[in-house]
Amino acid sequence: VQLQASGGGLVQAGGSLRLSCAASGRTFSRYGMGWFRQAPGKEREFVAAISWYDGSSTYYVDSVKGRFTISRDNAKNTVYLQMNSLKPEDTALYYCAATILGITRIIKDYEYWGQGTQVTVSS
C-alpha cells in the first residue's frame, strides 16, 4: 500500500483544515487507517484511527476529541481527518498510516506510512 497525504497548510487558531490520505491498490478497505503527528523536538504521537472495511470504530487521542473527525471513503481509497477549532499546539507534521490490524492506537502496529503534510496553526 502506498499512501499520499495532502491538505496541510497555515491556518489561524480556531480555523479548520481537512487532511486527505490517498491509498494505492484495490485492498484499501482491508486496512485500518490512522493519523499521527510529530512536532519539532517531540516524538511522533497517535492522533486518530478508523477501523477497516466500514470504519464503524474510531479512536482519538484525548486532546483532539470533539475537534477532529476521522473518516474513510473506500470507493475513493481515501481517509480523511477533519480538523476544527485548531490550536497552536496542533502544529505538527501529520502522517497517515495503514495497518493490517482492524484498528489500533499503537504506532508500531502500522506497516505502511505516507509522507507527512505540515499543519501550522498561528495564534
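Set side by side, the residues VAL47, VAL1, VAL79 differ, and just one is surrounded by 15 or more Cβ atoms within 10 Å (Cβ to Cβ) and closer than 21 Å to SER123 by Cβ, which is VAL47. Only one of the numbered conditions (1) in a loop (DSSP other than H, G, I, E, B); (2) over 12 Å from the mean Cα position of the chain (by Cα) is not met by ARG105, and that is (2).
Output the residues belonging to the range 56-92 that are without any contact (Cβ under 8 Å) to a residue 60 or more places away in the chain and part of a strand (DSSP E or B).
The first filter runs over the range 56-92 and keeps only residues without any contact (Cβ under 8 Å) to a residue 60 or more places away in the chain, leaving 56-79, 89-92.
Within the range 56-92, THR58, TYR59, TYR60, PHE68, THR69, ILE70, SER71, ARG72, ASP73, THR78, VAL79, ALA92 meet the criteria.
Can you find a residue in the range 22-32 that is open to solvent by less than 50 Å² (accessible area, probe 1.4 Å), of a type in the set (Phe, Trp, Tyr) and more than 30 Å from SER122 (Cβ to Cβ)? Checked the range 22-32: at least one residue is open to solvent by less than 50 Å² (accessible area, probe 1.4 Å), of a type in the set (Phe, Trp, Tyr) and more than 30 Å from SER122 (Cβ to Cβ).
The values are calculated or read from the model by the stated rules, or taken from the named source; none is laboratory data. Nothing here was measured: the structure is a model prediction, and the numbers come from that model. Please note: Cβ atoms are built from the backbone with ideal geometry, for glycine as well, and neighbour counts cover all protein chains shown. Quick note on the areas: whole protein, heavy atoms, side chains included, nothing else; ligands and nucleic acids left out. Shrake-Rupley method; radii C 1.70, N 1.55, O 1.52, S 1.80 Å.
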